[in-house]
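The values are calculated or read from the model by the stated rules, or taken from the named source; none is laboratory data. The model shown is predicted, which means the values in this text are computed figures rather than measured ones. As a convention, Cβ positions derive from the backbone with ideal geometry for all residues, glycine included, and neighbour counts pool all protein chains shown.
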Amino acid sequence: MTQFWQGDLLLQSVDRIPRGAKKNPDNIIALGEATNHAHILDGGQTAIYTFNEHFWNKDAIPTILIEVKKSTTLRHINIVTKEQADHAPVELPTGIYKVIRQVEMNPFDRKMRLVLD
């Protein structure tokens, strides 16, 4: 198993893209709602997919998968200025990766939510 980490994202190698996954039209893995930062794939040949493995739970956080056909760079950038943000670039070799986003528990409504960047 291969793993890569950047900020609140952990990428873990997997064997395949699950049937029913939907291809995303862009190269953004995660968008920082509070800071105008984004985790993006830059260069290479890639595809990003989303998959709701908890289809019965409308509040579930969908799974993000990345298919890297030709090595690429995972960058954390300011989407306004396009400059490098907090986290150093990560070189991703060919493979398929599941994106695991950091979550936190809201103690008031007892629901899991994504950590906002």
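Name the residues in region 14-59 that are over 14 Å from the mean Cα position of the chain (by Cα), buried (at least 16 other Cβ atoms within 10 Å of the Cβ) and modelled with pLDDT under 90, would you?
44
Let's see how each residue does on (1) touching a His at 6+ places or on another chain (Cβ under 8 Å); (2) under 18 Å from residue 100 (Cβ atoms); (3) part of a strand (DSSP E or B):
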residue	(1), (2), (3)
4	no, yes, yes
12	no, yes, yes
17	no, yes, no
20	no, no, no
26	no, no, no
29	yes, yes, yes
39	yes, yes, yes
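Across region 80-112, what is the number of residues that are touching a Gly at 6+ places or on another chain (Cβ under 9 Å), under 12 Å from residue 39 (Cβ atoms) and either hydroxyl-bearing (Ser, Thr, Tyr) or surrounded by 15 or more Cβ atoms within 10 Å (Cβ to Cβ) (or both)?
Total satisfying the criteria: 3.
Within region 69-89, which residues are of a type in the set (A, V, I, L, M) and over 13 Å from the mean Cα position of the chain (by Cα)?
From region 69-89, those of a type in the set (A, V, I, L, M) are 74, 77, 79-80, 85, 88; that's our starting set.
Scanning region 69-89 gives 77, 79, 80, 85, 88.
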